[in-house]
Amino acid sequence: MANAVQTKLQKISGEYSAKVADIRRLEADKRKPFVTDAQVKTINEQIKKLDGERLKLNTELNKLTKLAKTAEEYIKLNKEFNTLEADIAKAEERGESTTSLKQKRTGAVSRLKEISQEVERNFPEIKVPAPKISTTITPDPGSPTGTPVQTPNAPTPTPKPSPTPTPKPKPGTPAEKVETPADREAEALNVAEGSDFTLPETLFKNIPSLNALLKKYVNTPGMQPDAFRKMLRDDVWYKQNSKEIKERFVQYYNYRDLQASGRAQGTTDYEMQIEKIVASLTKRAATIGSAAASDPAALRKAAENLYITNRSEDQSFIDDFLAASIRTVGGMIGGKGTEGYSGQALTNYKELLRTARSNGFQISDIIPGGANEQQVLQGIASGKLDINRIIQDARKLAAQGQPQYVRDLLAQGYNLDQVFKPYRQTMAAVLEIDDPDSIDLNDPLLRSAISDKGDMNVYDFKKALRKDNRWQYTEQARQDVSSATLDILRDFGFQG
């Protein structure tokens with residue numbers, strides 16, 4: 001019958017492994033080329049159904065694995081009972097004392113009463129009829145006082161009166177049982193595993209506060225189960241953690257036990273969930289430009305924390321965590337070391353830099369609150385800062401001291417470089433500057449092109465440019481000077 005227990009465990013384990021294999025196959029099917037959205041949806045529904053079945057099997061397997069030792073004890077006790085019955089019968093035939101044998105039989109029967117209901121409910125394959133002890137009475141020749149004892153199939157003699165009769169228990173009153181620490185521990189764990197709490201033994205082994213409550217109950221004779229229930233309900237750990245989190249702790253500790261014995265094979269619910277969370281974190285970290293993407297150990301630890309706290313689907317929480325790791329990352333280009341941002345952080349940085357330069361600022365001028373650029377990029381990634389608001393505020397900053405016409409354009413979404421673009425180009429042409437964008441937007445001469453009186457026309461702006469000291473260094477200025485000098489020489493007759 002012991003084999004029946006192991007056979008059932010192996011059967012459930014095989015069913016669990018089959019579900020895991022089916023889920024992995026379906027996950028692979030989703031990644032195949034040319035799979036449509038409709039097919040992916042169907043596959044996800046199949047995976048969800050299989051995952052639910054897998055979890056049920058996992059719960060059942062955990063419960064039965066824990067109960068297997070008790071089932072083996074049940075089998076052993078039934079065999080022991082039959083052996084004791086035979087030994088008692090033989091001893092009585094020989095007229096020998098049966099007191100110690102009957103005490104052992106009583107102990108076996110008492111223990112069977114404690115464990116039979118749960119074992120037989122979960123392992124009906126090994127169920128045997130409950131032991132029956134004959135109530136016929138015969139004197140025990142081995143007893144000092146000739147006290148009658150129960151023996152099977154013996155005739156019932158007329159009991160002799162005793163000069164000092166010993167008070168007998170009332171009919172139906174069981175003999176008082178002395179509870180051992182093991183009995184009290186089993187009683188407490190049975191209470192904890194009931195529907196009121198559903199706390200498996202593994203939690204009492206690993207959670208300090210629960211372990212302390214269990215020891216207190218075991219070491220306090222007379223404390224009743226109701227008192228233990230109250231202590232459990234008042235426990236801070238029990239109050240702080242939801243049912244889902246408690247179940248995740250169970251999965252974690254089960255995995256740790258398997259890992260310690262070298263039997264963790266990646267098929268437990270804990271291992272599969274961690275693998276899935278790590279993959280999701282890695283992808284998200286690369287997207288937002290978090291340096292955590294290149295730190296597998298950190299992502300694994302984060303995945304474990306997210307799993308145990310039941311926050312693996314909390315995208316806002318995850319983004320906050322990953323955003324904190326946004327920073328410049330070193331690299332190599334052409335044998336030279338480089339350092340910069342990546343992912344969405346790089347995109348945001350470029351946008352801030354472009355906005356700053358387009359309005360005549362350094363990037364540090366438009367960063368809010370005096371923070372550094374890294375903090376700002378972290379804030380944008382976590383959603384605490386809005387990049388569009390930063391850009392809008394930069395334009396407001398650029399509008400300070402500008403004519404109303406310029407302020408209106410900036411308020412409409414233009415940048416300062418767009419407003420002054422025609423004058424920049426004219427200025428570059430007259431002053432012979434190769435790149436118009438290199439002209440500082442805060443250049444006083446450029447700013448003079450637009451005033452409260454309106455826009456300066458191009459002719460007047462060119463005249464103003466020719467009066468600027470920079471114009472005298474241009475090729476056009478030298479040509480004009482040469483032409484003027486030649487005209488003077490001609491006027492005085494020095495040139496033909």
Using +1 at the Cβ of each Lys and Arg and -1 at the Cβ of each Asp and Glu in the chain, identify which of Ala381, Pro403, Val109 lies farthest towards the dipole's positive end. Val109
For Lys30, list the lysines whose Cα falls under 21 Å from its own Cα; do not include residues on the same chain fewer than 8 positions away. Lys19, Lys41, Lys48, Lys49, Lys276, Lys283
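Take Glu45, Glu271, Glu114, Glu15 and sort them by solvent-accessible surface of the protein heavy atoms, 1.4 Å probe, largest at the top.
Values: Glu45 110, Glu271 25, Glu114 90, Glu15 65 Å².
Putting Glu45, Glu271, Glu114, Glu15 in descending order of accessible area: Glu45, Glu114, Glu15, Glu271.
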Per-bin percent of Cα-Cα distances, the range 12-82 [5 Å]: 3, 15, 18, 14, 11, 9, 8, 6, 5, 4, 3, 2, 1, 0
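Full extension from Gln392 to Asn457: what is 0.36 nm times the residue separation minus their Cα-Cα distance, to one decimal in nm?
Numbers: separation 65, 0.36 × 65 = 23.40 nm, distance 2.94 nm.
The Gln392-Asn457 span can extend by a further 20.5 nm.
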Once you place label points 7 Å from the Cα toward the Cβ at Glu351 and Ile245, how far apart are they in nm? 3.5 nm
Using the beta-carbon distance between Thr106 and Thr42 and R0 = 51 Å, what value does 1/(1 + (r/R0)^6) give for FRET efficiency, to the nearest 0.05? 0.25
Working only with C-alpha atoms, what are the Rg and Dmax values of the range 236-330, expressed in angstrom? 14.7, 46
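Quantify, in whole percent, the carbon and sulfur part of the accessible surface of the chain (1.4 Å probe; protein heavy atoms only).
Carbon and sulfur atoms account for 52 percent of the accessible area of the chain.
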If you count only protein heavy atoms with a 1.4 Å probe, what accessible area per residue comes out for the range 409-472, rounded to a whole Å²? 61 Å²
Using the Cα centre of the chain as origin and beta-carbon charges of +1 (Lys, Arg) and -1 (Asp, Glu), tell me which of Ala293, Val250, Pro129 is placed farthest towards the positive end of the dipole. Pro129
Sites Thr99 and Glu53 - FRET efficiency at Förster radius 51 Å, r taken between beta-carbons, to 0.05: 0.40
Charges at C-beta only: +1 for Lys and Arg, -1 for Asp and Glu. How large is the resulting dipole of the chain about its Cα centre, in Debye rounded to 20? 1400 debye
Rounded to the nearest 0.05, what FRET efficiency do Asp437 and Gln374 have when you use their Cβ-Cβ distance and R0 = 22 Å? 0.25
Result for the range 259-407: accessible area per residue, probe 1.4 angstrom, in square angstrom, of 55 Å²
Principal axis dimensions, the chain - Cα atoms, whole angstrom, descending: 169, 49, 41
Can you send over the solvent-accessible area of Tyr349, 1.4 Å probe, protein chains only, in Å² to the nearest 10? 50 Å²
Computed lengthening from Ser294 to Arg121, 0.36 nm per intervening residue step minus Cα-Cα distance: 57.1 nm
Unit charges at the beta carbon, dipole of the chain: most positive-side option, Ala345, Gln412, Tyr459: Ala345
Counting each DSSP H run of 4 or more residues in the chain as -39500 (n - 2.57), what helix-only mean residue ellipticity at 222 nm follows after dividing by all residues, to the nearest 500 deg cm²/dmol? -20000 deg cm²/dmol
Please give me the summed charge of the neighbours of Tyr405: other residues whose Cβ is under 14 Å from its Cβ, Lys and Arg +1, Asp and Glu -1. 0
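The values are calculated or read from the model by the stated rules, or taken from the named source; none is laboratory data. On a predicted model such as this, the values are computed, not experimentally measured, just so you know. Glycine gets a Cβ as well: all are built from the backbone with ideal geometry, and neighbour counts include every protein chain shown. Heads up: the accessible areas ignore ligands, DNA and RNA and are worked out on the full protein's heavy atoms, side chains in. Shrake-Rupley method; radii C 1.70, N 1.55, O 1.52, S 1.80 Å.
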